[in-house]
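S.K.: I have a structure I would like to understand better, so I am pasting it below and will then ask my questions one at a time.
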Amino acid sequence: MSIMREGNHERAWNDPPQSAYAASEPRARTRLNKRVAYTPGIPTSPASSNPISIPSSPPVSTGDIHVFTPPDFHPASCSPPCGSPPSSSGKVDTSDLPDLNSTEMFEKVNSDLSHMLSRVQEKVSERKFEDIRKRLDIMRSQWNEGKLSEPTKKLLYLLVTRLRACDYEDANRIQVALIVNYSCEVSQWVVGVKHVILECQSQHVKP
């Protein structure tokens, strides 16, 4: 029978030695999710001390309530393309045109465009011819429905006058002026007018 020697009665002779780390008192763990109490008067973040100022329009007073209106991104000086006056780059002088009413100008425009289109029909593909014809029909409908402005009608009248005289350079210049100054009105059919001019020019149609 073995007898335990005097000394540490809690450990036997073959227990591993205690290290300094194991023998030390356990440290309290830091709680990373611990909430910190809010202290009034102390900013919670650096960003709050230097707030970003956002410009806005002056408040509109409605009694005791102040309503802030958003800034105006479209100043009154900016006018829409359709309502703007003709630009200097596409300006065409129509002051020398005869004093005709809308019906008289339409008869001239319709007759001359139909005549010049028939002159080039033989050498134009059927698909392209139908596309030109449909676009010219749109122009006729808009004219009769009162959707074309007076300056647009005058430019068309001047264009077909130049086209009938086979002045293709001037006719093309007027066509460009229509696109530049009245794009909202002519966007659906002006390509048809352009193709009539180009076909007459390429086929060397004579007056």
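The values are calculated or read from the model by the stated rules, or taken from the named source; none is laboratory data. In this text the structure is predicted, and so the values were computed from the model without any measurement. Because the Cβ atoms are built from the backbone with ideal geometry, glycine has one as well, and the counts that use them run over all protein chains shown.
S.K.: Provide a single number: the residues in the range 101-110 that are at pLDDT 95 or above and either within 18 Å of Arg133 (Cβ to Cβ) or not in a helix (DSSP H, G or I) (or both).
M.R.: 3
S.K.: Of these, His195, His204, which one is under 21 Å from Ser125 (Cα atoms), of a type outside the set (A, V, I, L, M, F, W, C) and outside any helix (DSSP H, G or I)? Outline the logic, then answer.
M.R.: Working: His195 fails: outside any helix (DSSP H, G or I).
Answer to the check: His204.
S.K.: Can you name the residue in the range 160-177 that is without any contact (Cβ under 8 Å) to a residue 40 or more places away in the chain and buried (at least 19 other Cβ atoms within 10 Å of the Cβ) and, of all such residues, is nearest to the chain's Cα centre (by Cα)?
M.R.: Just the residues of the range 160-177 that are without any contact (Cβ under 8 Å) to a residue 40 or more places away in the chain, to begin with: 162, 167-172, 175.
Those left that are additionally buried (at least 19 other Cβ atoms within 10 Å of the Cβ): 162, 171, 175.
Working: Arg162: 36, Ala171: 31, Gln175: 25 Å.
The qualifying residue nearest to the chain's Cα centre (by Cα) is Gln175.
S.K.: A follow-up question, please. Cβ-Cβ below 6 Å, separation at least six or inter-chain, first residue in the range 100-129 and closer than 22 Å to Pro207 by Cα, second basic (Lys, Arg) and assigned to a helix (DSSP H, G or I): which pairs?
M.R.: Final answer for the pair search is Met105/Lys153; Asp112/Arg164.
S.K.: Hey, among Lys128, Lys134, Lys147, which residue is within 22 Å of Ser187 (Cβ to Cβ), at pLDDT 90 or above and in a loop (DSSP other than H, G, I, E, B)?
M.R.: Working: Lys128 fails: in a loop (DSSP other than H, G, I, E, B); Lys134 fails: in a loop (DSSP other than H, G, I, E, B).
That would be Lys147, the only listed residue that is within 22 Å of Ser187 (Cβ to Cβ), at pLDDT 90 or above and in a loop (DSSP other than H, G, I, E, B).
S.K.: Looking at this structure, is Gln188 closer than 18 Å to Ile132 by Cα, part of a helix (DSSP H, G or I) and either among the β-branched types (Val, Ile, Thr) or free of Cβ contacts under 8 Å to residues at least 60 places away in the same chain (or both)?
M.R.: no
S.K.: A further question follows. Of all residues in the range 172-185, count the ones that are assigned to a helix (DSSP H, G or I) and among the hydroxyl-bearing types (Ser, Thr, Tyr).
M.R.: Summing the residues that are assigned to a helix (DSSP H, G or I) and among the hydroxyl-bearing types (Ser, Thr, Tyr) in the range 172-185 gives 1.
S.K.: While we're on this one: Please specify each residue of the range 134-173 satisfying the condition of being closer than 19 Å to Glu104 by Cβ and among the hydrophobic types (A, V, I, L, M, F, W, C).
M.R.: If the condition is that a residue be closer than 19 Å to Glu104 by Cβ and among the hydrophobic types (A, V, I, L, M, F, W, C), then Leu136, Met139, Trp143, Leu148, Leu155, Leu156, Leu158, Leu159, Val160, Leu163, Ala165 are the ones that fit.
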